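The values are calculated or read from the model by the stated rules, or taken from the named source; none is laboratory data. Every value quoted in this text rests on a predicted model; they were computed, and no experiment measured them. Reconstructed Cβ throughout: ideal geometry from the backbone, glycine too, with neighbour counts over all protein chains shown. Heavy atoms of the whole protein, side chains included, go into the accessibility calculation; ligands, DNA and RNA do not. Shrake-Rupley method; radii C 1.70, N 1.55, O 1.52, S 1.80 Å.
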Amino acid sequence: MIIGTFIFYFVLFIVVFSLPGSRNAEKSNTLFKFLAIPALFGIGMAFLSVIKVYFIYKLLALVFVLVTGLLSYWQYGNQIRRWWK
């Protein structure tokens, strides 16, 4: 059950992160970033499923993470862009 939940969220986050367009395939760690970030989010959502967190709280947790990420990007945008390239 837990592996099915992880795979569902992993595929969902891969689709979501691939929508803006394809990244440059020149870098060797692009594939790692493309798979690692959705895997981390998938593990987090699967863990929340294990502890029986309701769907609305999962969405609220996701919104909290996105707002925190946006504020972090606002503060550390240059460093994040250098790491991403």
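For the stretch 59-81, the condition holds for no residue, the condition being that it is open to solvent by 100 Å² or more (accessible area, probe 1.4 Å) and in a loop (DSSP other than H, G, I, E, B). Which residue is farthest from ILE7 (Cα to Cα), if the candidates are limited to the stretch 47-58 and must be surrounded by 10 or more Cβ atoms within 10 Å (Cβ to Cβ) and not basic (Lys, Arg)? Filtering first and then ranking leaves TYR57.
Look at the stretch 45-61: where a residue is free of Cβ contacts under 8 Å to residues at least 40 places away in the same chain and closer than 17 Å to PHE10 by Cα and a partner is aromatic (Phe, Trp, Tyr) and open to solvent by 70 Å² or more (accessible area, probe 1.4 Å), sitting 6+ places away or on another chain with Cβ atoms under 8 Å, you get LEU48/TYR57.
Take the conditions touching a helix residue (DSSP H, G or I) at 6+ places or on another chain (Cβ under 8 Å), modelled with pLDDT of 75 or more, outside any loop (DSSP other than H, G, I, E, B) and open to solvent by less than 50 Å² (accessible area, probe 1.4 Å) and apply them to TYR9. Does it pass?
Here the answer is yes, as TYR9 does meet what is asked.
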